[in-house]
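I have placed the structure first, in the form of structure tokens, so that the comments after it can refer back to it.
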Amino acid sequence: MSYVYGVDVGGTSVKIGLFSGEGELIEKWSIPTNTDNNGEAILPDIASSIDAKSKEKGISDSEILGVGLGLPGPVDDRGIIRKAVNLHWNDTFNVEEKLAACFDGRLKVKAGNDANVAALGEAWMGAGKGYKNIVMVTLGTGIGGGVIINGQIVTGTRGAAGEIGHIYTGTDTEEPCNCGNRGCLEQFASATGIVRLLKEELENNPDEASEMRNKPLDSKNMWEAVKNGDELSIRVAERFGKYLGTGLSVVAGVLNPEIIIIGGGVSMSGDVIMPYITKNFREHVFHASGDTIFTRATLGNDGGIYGAAALLI
């Protein structure tokens with residue numbers, strides 16, 4: 001029997017999955033992400049955890065197809081990563097070679113950007129199964145994007161393809177995006193962007209009743225208020241949908257995908273979010289992409305480990 005490890009590296013934890021060579025998830029676990037000393041322990045910690053699991057399961061190196069790695073930063077086709085701020089990695093280096101060295105060269109390593117890898121996971125075993133041309137958008141603290149064309153991840157020249165969250169919206173803001181620009185899509189349509197819009201509506205309409213005046217200001221509560229018919233929250237949802245739907249119409253005009261998958265924490269609020277996105281998408285998209293399918297991701301937090309494993313299978 002053959003095996004593969006899929007690793008999803010986040011700023012606070014590293015999720016690891018052990019898969020069969022046929023793609024069955026056998027076991028998953030996580031370890032803390034140690035970002036001390038510029039994150040120098042992250043890769044050795046991953047290697048140590050995988051070696052311990054192989055020993056526990058009685059799996060030999062010859063049975064392991066390799067280790068797939070999803071990382072929060074741009075990774076090109078050669079495995080070179082150019083900074084990963086959340087990991088405190090500030091240098092450019094070949095992450096595949098560095099992790100392989102942690103295994104003393106015993107195991108093959110393949111790496112990719114985490115959003116691209118999550119898209120590959122959904123294409124392989126999730127909502128995108130059966131489709132070859134896919135765009136995935138992850139709505140969390142920021143907005144990530146992954147592009148699959150003819151079944152292959154599109155990485156771009158420096159691994160930065162699919163940065164949907166940094167499409168310019170035409171709306172400038174005083175506060176810069178994490179990327180340094182102003183007016184990026186993720187400033188309005190991510191979980192933090194939704195809170196920004198919500199605060200604006202509450203401040204601009206001080207006399208309007210809203211259930212959000214008595215709740216913590218977060219995306220989950222806002223969408224619950226939308227379900228309850230809260231008019232102020234519905235206006236926020238409409239603004240969110242205009243930004244994201246219009247932005248995705250631009251993406252579709254370039255890529256003409258069969259399906260757009262919405263993932264990330266915001267998508268956990270359920271199907272209530274979808275009409276606000278699709279309404280604006282259909283209004284603005286080029287007609288040849290007008291029948292693009294929209295759906296929510298199905299692998300949840302496991303999309304990253306599935307996609308990382310798929311890099312090897």
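Throughout, read-outs are computed from the coordinates displayed, never taken from laboratory work. Here the structure is a predicted model, which means the values were calculated and not measured. Positions of Cβ are backbone-derived with ideal geometry, glycine not excepted, and every protein chain shown enters the neighbour counts.
Return the calculated 222 nm mean residue ellipticity for the chain, to the nearest 500 deg cm²/dmol, obtained by summing -39500 (n - 2.57) across DSSP H runs with n ≥ 4 and dividing by the residue count. Could you put the intermediate results ahead of the total?
Numbers: 10 runs with 111 residues, N = 313.
So the helix-based figure for the chain works out to -11000 deg cm²/dmol.
Place a point 7 Å from Cα of residue 174 in the direction of its Cβ. Which residues in the stretch 200-232 have their backbone N less than 19 Å from it?
200-206
Can you find, among 1, 50, 37, the residue farthest towards the positive end of the dipole of the chain? Put +1 on the C-beta of Lys and Arg, -1 on that of Asp and Glu.
Value: 1.
Lysines near residue 279 by alpha-carbon distance under 22 Å, same-chain residues fewer than 8 away left out - which ones?
Counting by Cα, and skipping residues close in sequence, residue 279 has these lysines nearby: 220, 227, 242.
With θ taken as phi - 60° and the coefficients 6.51, -1.76 and 1.60, list the Karplus ³J(HN,Hα) couplings across the stretch 196-202 in order, rounded to whole Hz; mark glycine and proline as x.
With the stated coefficients, the stretch 196-202 comes to 4, 5, 5, 4, 4, 5, 5 Hz.
Multiply the residue gap between residue 203 and residue 131 by 0.36 nm, knock off their C-alpha separation, and tell me the result in nm, one decimal place.
My answer for the length gained is 21.5 nm.
For residue 53, which lysines qualify as cross-link partners when the Cα separation must be under 30 Å and same-chain residues fewer than eight apart are set aside?
Within the straight-line cut-off, residue 53 pairs with 15, 28, 83, 98, 108, 110, 129.
Quick check on the stretch 130-297: of the DSSP beta bridges with both residues there, what percent are antiparallel, nearest 5%?
50 percent
Sort all Cα-Cα distances of the stretch 8-97 into consecutive 10 angstrom bins from zero, then give the percent of pairs in each bin up to the one containing the longest distance.
Going out from 0 Å in 10 Å bins, the stretch 8-97 shows 15, 47, 31, 7 percent.
Would you mind classifying the stretch 130-297 by shape? Square roots of the alpha carbon gyration tensor eigenvalues, ordered a ≥ b ≥ c; an a/c under 1.5 is rounded, otherwise it is prolate if a/b is larger than b/c and oblate if not.
Note, shape of the stretch 130-297 comes out prolate.
Compute the separation of the alpha-carbon centres of the stretch 59-88 and the stretch 208-245 and state it in Å as a whole number.
38 Å
Please turn the phi angles of the stretch 108-113 into ³J(HN,Hα) values with the Karplus equation 6.51 cos²θ - 1.76 cosθ + 1.60 (θ = phi - 60°), one per residue in order, whole Hz, x for glycine and proline.
Whole-Hz 3J(HN,Hα) from phi for the stretch 108-113: 6, 10, 10, 10, x, 5.
Round to the nearest 0.05 the FRET efficiency obtained for residue 31 and residue 101 when R0 = 25 Å and r is the Cβ-Cβ distance.
Working from the Cβ atoms, E equals 0.85.
Please state the relative contact order of the chain as a whole percent: Cα pairs under 8 Å, 6+ residues apart?
Reported relative contact order: 21 percent.
Tell me the relative contact order for the stretch 130-297 as a rounded percent, counting alpha carbon contacts under 8 Å between residues six or more apart.
In percent, rounded to a whole number, it is 24.
Given charges of +1 on the Cβ of Lys and Arg and -1 on the Cβ of Asp and Glu, with all other atoms neutral, how large is the dipole of the chain about its Cα centre, in debye to the nearest 20?
Working: 28 positive and 40 negative charges, 93 e Å.
For the chain, the charge dipole is close to 440 debye.
Please state, rounded to one decimal and in Å, the Kirkwood hydrodynamic radius that the stretch 226-313 gives when every pair of distinct Cα atoms enters the mean of 1/r.
14.2 Å
Which far-off residues, 5 or more places away or on another chain, put their amide H under 5 Å from the one on residue 263, with H placed in the peptide plane?
For residue 263, the qualifying residues are 137, 138, 139, 297.
Can you list the trypsin sites (Lys or Arg not before Pro) in the stretch 41-90 that are in a DSSP coil and have 14 or fewer other beta carbons within 10 angstrom?
When the trypsin sites (Lys or Arg not before Pro) of the stretch 41-90 are filtered for loop state and at most 14 Cβ neighbours within 10 Å, 78 remain.
Enumerate the residues in the stretch 108-150 having an amide nitrogen under 20 Å from the point lying 7 Å beyond the Cα of residue 284 toward its Cβ.
Of the residues in the stretch 108-150, 135-140, 142-147 have backbone N under 20 Å from the label point off residue 284.
Report for the chain the percent antiparallel among DSSP-assigned beta bridges with both residues inside it, nearest 5.
DSSP beta bridges in the chain are roughly 60 percent antiparallel.
What fraction of the DSSP beta bridges in the stretch 1-109 is antiparallel, stated in percent and rounded to the nearest 5?
Bridges in the stretch 1-109 that DSSP calls antiparallel: roughly 75 percent.
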